[in-house]
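Asker: Encoded as structure tokens, here's the structure I'll be asking about.
The values are calculated or read from the model by the stated rules, or taken from the named source; none is laboratory data. Note that this is a predicted model, so its numbers are computed, not measured. Every residue, glycine as well, gets a Cβ built from its backbone with ideal geometry; the counts of neighbours run over all protein chains shown.
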Amino acid sequence: MELPFAESYKIKMVESIRKSTREERLKWMSDAKYNLFNLKSDFVFIDLLTDSGTGAMSDKQWAAMMEGDESYAGARSYYKLKEAIFDVTGFPYFLPTHQGRAAENVLFSSLVKADDVLPGNSHFDTTKGHIEFRKAHAIDCTIEAAADTTLELPFKGNMDLNKLENVLKKYPAERIPCIVLTITNNTAGGQPVSMENIKGVSALAKKYGVKLLIDSARFAENAYFIKTREKGYENKSIREITREIFSHADFMTMSSKKDAIVNMGGFIGFRNEQDWQKCQMYNIMFEGFITYGGMSGRDMNALAVGLFEGTEFDYLETRISQVAYLGKKLDEYGIPYQRPSGGHAIFLDAKKILTHVPKEQLIAQTLGIELYLEAGIRGVEIGTLLADRDPETRENRYPELELLRLAIPRRVYTNNHMDYIAAAVRNVYERREKITKGYAITKELPIMRHFTIELEPVK
Ligand SMILES: *Cc1c(COP(=O)(O)O)cnc(C)c1O
């Protein structure tokens, strides 16, 4: 008999989680003003809010923390991290930051000015926030197919090269500080970008004299998909693939809380010394001296180990198979989600599930609240709340897709938890016809409103 798939690690430490009653959850949700970010984590049984910073570190990472060098300047931990980044990405220069958005803040402070345009494939919310905060514009050039959740494409996160070239033709190079290529494409469903597409984007960048930034939070998962789906990469190692990916870029911004499996951390990788030097001042102002910028020595040590563990094939196979396992369960129950299942999450297609809730009443958020009330599972809305208002008109932007993202933390839950999640989604799906009313906004911030927004049920 062929041996079944099994995880490439075993469990050494556990943390208790507690189930609650529906009555408790109704009260907690109302107290939280129907914003899942406002819930205490103790009120959540399975937390799929994000895969960011929520992974389980390994024994080797914890051991590395004990050896952290906390020197202010020139710490051993910095050099250890520098070597790991060079080995995994090929970038010779880097600046540490406390997380991914801090990397964006430092890099964009040096690159982006008012009225600039930054084309990309579904810019991540903090990336867009940092662009729009500087009165510049994020132009989405994702392939159209990404918006059709039923299509099974191997690389549904790709940039549409025609759309990109139109933007590059339309604006002078001085107004385009860089192209932002996000791997995997989080907003479009954790969908990967092919090496062919990366090369295509890079060729256009060179043709128009524009730099290429890779927003790299899930670069290792993207490399796994290239290895398993793209011709010619079957026999390459994950690290050979990641180095090839980054060989096409001028910069990378990294949220280490994702594929590097640490709870906090980030960095910017640079191809050339001048770009690195230009950013140093901002790093010192916003993050800390250039050899620790926002990270302690022990955290840089854990990150250095995490970069290697996160780019091991067996680990990636375990991780991505678990997400696929949840996808298969949902298939059994006929539940619509962004197909195929992504690297880090399942994105439920809320518009196809809650067909009776009008878009003005926040379809994906309504589904998120229902799933929490059903089973104490916390997902996150990728829909109208996240899309925010148009920066000029201040009107709501209703995105084509209303998704509820169920992000799977790394090395944290078992497949029994996946079964529980699938059953809870099925229960909500079976009573979907009865869910006809959504929520209205009562309070919101001017930018990145979804984190702190307050809502009330529509009567
Ligand atoms: C998480 C993320 C960021 C921001 O990183 P933080 O560590 O959360 O600040 C940027 N881009 C992408 C694609 C991400 O997933």
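Asker: Taking ILE261 as the residue in question, decide whether it is more than 16 Å from the ligand (Cβ to nearest atom), in the same structural domain as VAL180 (by TED's automatic domain parsing), modelled with pLDDT of 95 or more and within 19 Å of ASN185 (Cα to Cα). Reasoning before the result, please.
Answerer: Working: more than 16 Å from the ligand (Cβ to nearest atom): no; in the same structural domain as VAL180 (by TED's automatic domain parsing): yes; modelled with pLDDT of 95 or more: yes; within 19 Å of ASN185 (Cα to Cα): yes.
Here the answer is no, as ILE261 does not meet what is asked.
Asker: Restricting attention to region 252-310, and to residues there that are in contact with a Gly (Cβ under 7 Å, 6 or more places away or on another chain) and acidic (Asp, Glu), which single residue is farthest from GLY53 (Cα to Cα)?
Answerer: Residue satisfying both the conditions and the ranking: GLU287.
Asker: Any residue in region 391-412 that is within 25 Å of SER122 (Cβ to Cβ) and assigned to a helix (DSSP H, G or I)? So that I can check it myself, show each step before the final result.
Answerer: So the first thing to find is which residues in region 391-412 are within 25 Å of SER122 (Cβ to Cβ), and the list is 391-410.
With the extra rule that they be assigned to a helix (DSSP H, G or I), the set shrinks to none.
Looking for residues that are within 25 Å of SER122 (Cβ to Cβ) and assigned to a helix (DSSP H, G or I), one finds none in region 391-412, hence no.
Asker: Continuing with this model, one more query. Hey, can you tell me all the residues within region 168-227 that are of a type in the set (Gly, Ala, Ser), farther than 18 Å from ARG239 by Cα and away from the ligand (no atom under 16 Å from the Cβ)? Even if it seems obvious, please write down each step before you answer.
Answerer: Looking only at region 168-227, we keep the residues that are of a type in the set (Gly, Ala, Ser), and these are 173, 188-190, 194, 200, 202-203, 205, 209, 216-217, 220, 223.
From what's left, farther than 18 Å from ARG239 by Cα: 173, 188-190, 200, 202-203, 205, 209.
If the condition is that a residue be of a type in the set (Gly, Ala, Ser), farther than 18 Å from ARG239 by Cα and away from the ligand (no atom under 16 Å from the Cβ), then ALA173, GLY200, SER202, ALA203, ALA205, GLY209 are the ones that fit.
Asker: While we're on this one: Please go through region 87-110 and pick out each residue that is more than 13 Å from the ligand (Cβ to nearest atom) and either surrounded by 22 or more Cβ atoms within 10 Å (Cβ to Cβ) or of a type in the set (Ser, Thr, Tyr) (or both).
Answerer: In the first step, residues of region 87-110 are kept if they are more than 13 Å from the ligand (Cβ to nearest atom); the result is 87-95, 109-110.
Selection gives VAL88, THR89, PHE91, TYR93, PHE94, LEU95, SER109, SER110.
Asker: Moving to a separate point now. For region 9-27, which residues satisfy the criterion of being among the aliphatic types (A, V, I, L, M) and either loosely packed, with under 10 Cβ neighbours inside 10 Å or assigned to a loop (DSSP other than H, G, I, E, B) (or both)? Step through it out loud before you land on a result.
Answerer: Residues of region 9-27 that are among the aliphatic types (A, V, I, L, M), as a first pass: 11, 13-14, 17, 26.
Those that are among the aliphatic types (A, V, I, L, M) and either loosely packed, with under 10 Cβ neighbours inside 10 Å or assigned to a loop (DSSP other than H, G, I, E, B) (or both): ILE11, MET13, VAL14, ILE17.
Asker: If you go through region 28-55 one residue at a time, how many are part of a helix (DSSP H, G or I), surrounded by fewer than 19 Cβ atoms within 10 Å (Cβ to Cβ) and either polar (S, T, N, Q) or without any contact (Cβ under 8 Å) to a residue 40 or more places away in the chain (or both)?
Answerer: 5
Asker: Follow-up. Please determine whether any residue of region 164-177 is of a type in the set (Asp, Glu), in contact with a strand residue (DSSP E or B) (Cβ under 7 Å, 6 or more places away or on another chain) and within 30 Å of LYS231 (Cα to Cα). Talk me through it step by step, then tell me what you get.
Answerer: Within region 164-177, the subset of a type in the set (Asp, Glu) is 165, 174.
Subsequent filtering for residues that are in contact with a strand residue (DSSP E or B) (Cβ under 7 Å, 6 or more places away or on another chain) retains none.
Scanning region 164-177, I find no residue that is of a type in the set (Asp, Glu), in contact with a strand residue (DSSP E or B) (Cβ under 7 Å, 6 or more places away or on another chain) and within 30 Å of LYS231 (Cα to Cα), so the answer is no.
Asker: Search region 122-163 for residues being in a strand (DSSP E or B) and either within 16 Å of the ligand (Cβ to nearest atom) or not aliphatic (A, V, I, L, M) (or both), and hand back the single one that is farthest from GLU196 (Cα to Cα). Break it down stepwise before answering.
Answerer: At the first step, the residues of region 122-163 found to be in a strand (DSSP E or B) are 137-140, 142, 159.
When the remaining residues are screened for being either within 16 Å of the ligand (Cβ to nearest atom) or not aliphatic (A, V, I, L, M) (or both), the result is 137-138, 140, 142, 159.
Working: HIS137: 26, ALA138: 23, ASP140: 19, THR142: 15, MET159: 11 Å.
Looking at the filtered set, the residue picked out is HIS137.
Asker: Then there's this: Is there a residue in region 55-63 that is within 16 Å of the ligand (Cβ to nearest atom), modelled with pLDDT of 95 or more and touching a strand residue (DSSP E or B) at 6+ places or on another chain (Cβ under 7 Å)?
Answerer: No; the residues of region 55-63 include none that is within 16 Å of the ligand (Cβ to nearest atom), modelled with pLDDT of 95 or more and touching a strand residue (DSSP E or B) at 6+ places or on another chain (Cβ under 7 Å).
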